[in-house]
Amino acid sequence: MKDNRKSLDTNSSAENVEQHLQELEKADYERLYYSQEQTFSADELANTINERRLNELMAQSDEFLRGLNSEIEDFDE
């Protein structure tokens, strides 16, 4: 029984090493991928950004912050 147990432990260790190496490869790939981010020209950004939607989101965030600010003031009282 000890021999079977030892071989199972060896397989488990080998699997753990293999899994760890795969995770390192993935991390290296992600680091390489994100380090190659491209910069966009002003024209490319203008074509990509939905200005109407951006303005809507900014207005919503301003409204949210105003509401949050009034809630904080009420809490202090």
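The values are calculated or read from the model by the stated rules, or taken from the named source; none is laboratory data. Please read all numbers here as calculations on a predicted model, not as lab measurements. We place every Cβ from the backbone using ideal geometry, glycine too, and count neighbours over all the protein chains shown. Calculation scope for accessible area: heavy atoms of the full protein, side chains included, ligands and nucleic acids excluded. Shrake-Rupley method; radii C 1.70, N 1.55, O 1.52, S 1.80 Å.
Which FRET efficiency value, to the nearest 0.05, is calculated for residue 65 and residue 40 with the Förster distance at 35 angstrom and r the Cβ-Cβ distance?
0.80
With every protein chain left in place and a probe of 1.4 Å, what is the accessible surface of residue 49, to the nearest 10 Å²?
Accessible surface of residue 49 is approximately 90 Å².
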